[in-house]
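Asks: Before anything else, here's the structure in question.
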Amino acid sequence: MGFTALAIQTYAGDIIDNTSCDRRRFLSLASIVTALCAMSIVFVSKGNDNHTLVFASKFIEGISSSFIAPCLAALTMATFGPEKFDDAMASNMFWGHVGSCVSAMLAGTAAYALYPNIQYCFIVIGSSAIAAVGATEYLPEGDPLLGRGLEQKCSIDTAVSSETEANDISNEELTSAYIDMEEEEKVPRGCLPALSSYWSIFSDRKTIILCFTGFFFHFANANVLLVLGELMGGDNEDGSVKRNAIPLIACAIVVSQMMMSVATYVGDAMTKSGCGRRPLIIVGLLTVPIRCALIIFWKDAGEAYLLSTQVLDGLGDGILTLMHPILVADVTFGTGRFNLLMGFSASWFGLGATLSNLLGQIMVERMGHVASLTGSFALSIVAVVSYALAMPETRELRRKMDGTKSKGLIEVV
């Protein structure tokens, strides 16, 4: 799933940018397919060495899940616009974390109650995703152009020849120069917002630093939960999973998601108060090295100590998950490539997480848990230093774009 998603996410974002279809339909279809793939594990019998169904479902899930985040971001931008986008995304994420808490608690309870048939806990997860599909019909479609980070309206000066004075235009000509969009909104005929080139987005310094930092953050962070679960749960003497292993992992996820909710709320409040993006993101990045150090120090201290480190996981993930679309909106608003960069950066984040799980577990098998955590610690320092030294503050970029929105227009002959 990880490698499939990272290969698809950039294309998914570009498709969402360029589509003329209702983005709510994309979101519904992607959610249904993702849910069905998650529940397919139920049909894998115990002791079955044929992993075709698992691999096929994860391949499809990687494709379908790649469309969910860009769709949500696009619909939010399309509905609320650049001025209220930050607040709306914060609200979306807050309730998303609350839903994840509830889903994790239900899944953990189901796994414990149905032990040793723990695979049925995935029905809870899949059902949650399907239930969300019903709510998409109540979402507004919004302005399709705003959904990709373009300003819809432009001035009459851009719709006429530069040699013609605006005050010489008659009322009839003025009226005919517009295309009706809605009852109260009109856009000049023959005037479309200009799209930035793909290269200008991918080669932008801020894009490079965002992707580089996100890659190393997830490269360091993703494996830590796996190591934590192994230290807390472990296996029975016969190699089978302990009965309390899944509930402990569920508790770890619940603690993290609860803290992510708190971090989202606090991060949104600080953003409203005028706090920049840089200090919040640096705080989020610093949680990983601190967390790795504490787990190494407390590895034999007991489950409660280890579980408490998930507070840091929730704090870091909550801040960075909140700031990711906000930062992308800062960088891309007015370019028409909002969802493209959402997908492109998510691909780099996914690549880091996939390599973290793969290489981190190889290190666990060959060198032990402490060595794996030490590697995560070192990688997390790279993320902190690179962002702190190279990334400029982006808070004012969107405001500047709003002030010059009429400059990003081309006349279509």
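Asks: Can you give me the distance in nm between label points at T52 and A7, each placed 7 Å from the Cα along the Cα-to-Cβ direction?
Replies: Reported label-point gap for T52 and A7 is 2.0 nm.
Asks: Mind checking the full-extension length gain between A269 and M367? Use 0.36 nm per residue of separation minus the Cα-Cα distance, one decimal, nm.
Replies: 31.0 nm
Asks: Can I ask one more? Once you have the Cα-Cα distance between I381 and L359, take 0.36 nm times their residue separation minus that, and quote the gain in nm to one decimal.
Replies: Extending this stretch completely gives an extra 6.1 nm.
Asks: Could you sort the peptides 257-267, 52-62, 22-32 by per-residue average Cβ neighbour count (10 Å cutoff), highest mean leading?
Replies: Highest mean packing first, the order is 257-267, 22-32, 52-62.
Asks: Can you tell me the FRET efficiency between V98 and Y138 if r is taken as the Cβ-Cβ distance and R0 is 22 Å, rounded to the nearest 0.05?
Replies: For V98 and Y138, the calculated efficiency is 0.75.
Asks: What is the spin-label model distance, in nm, from A388 to D204 if the labels are put 7 Å beyond Cα along the C-beta direction?
Replies: It works out to 2.6 nm between the two label points.
Asks: Sticking with this structure for a sec: Using packing as a proxy for protection, rank 139-150, 360-371, 329-340 so that the peptide with the highest average count of other Cβ atoms within 10 Å comes first.
Replies: Highest-to-lowest ranking by the protection proxy: 329-340, 139-150, 360-371.
Asks: Once you compute Rg and the Kirkwood Rh from C-alpha atoms, what is the Rg to Rh ratio for the range 1-111?
Replies: Computed over Cα atoms, the ratio is 1.04.
Asks: Just read off the accessible area of I63 with the full protein assembly in place, 1.4 Å probe, to the nearest 10 Å².
Replies: Near enough 60 Å² of accessible area.
Asks: Rolling a 1.4 angstrom probe over the protein chains, ignoring ligands and nucleic acids, what is the accessible area of C21 in square angstrom, nearest 10?
Replies: In the full protein context, C21 sits at about 80 Å².
Asks: I would also like to ask the following. Tell me, in nm to one decimal, what length is gained between L29 and T109 on full extension, where the rule is 0.36 nm per residue of separation less the Cα-Cα distance?
Replies: Stretched fully, the L29-T109 segment lengthens by 25.9 nm.
Asks: I've got another one for you. Could you calculate the FRET efficiency of K299 with K84 from 1/(1 + (r/R0)^6), where r is the beta carbon distance between them and R0 is 35 Å, rounded to 0.05?
Replies: Computed FRET efficiency for K299 and K84: 0.20.
Asks: What ³J(HN,Hα) values, in whole Hz, does the Karplus curve 6.51 cos²θ - 1.76 cosθ + 1.60 give for the range 377-382 when θ = phi - 60°, with x put for Gly and Pro?
Replies: Listing the rounded values in order: 4, 5, 5, 5, 5, 4 Hz.
The values are calculated or read from the model by the stated rules, or taken from the named source; none is laboratory data. Only a predicted model underlies this, so the values are computations on that prediction, with no experimental measurement involved. Note that we place each Cβ from the backbone using ideal geometry, even for glycine, and neighbour counts take in every protein chain shown. SASA here: full protein model, heavy atoms, side chains in, ligands and nucleic acids out. Shrake-Rupley method; radii C 1.70, N 1.55, O 1.52, S 1.80 Å.
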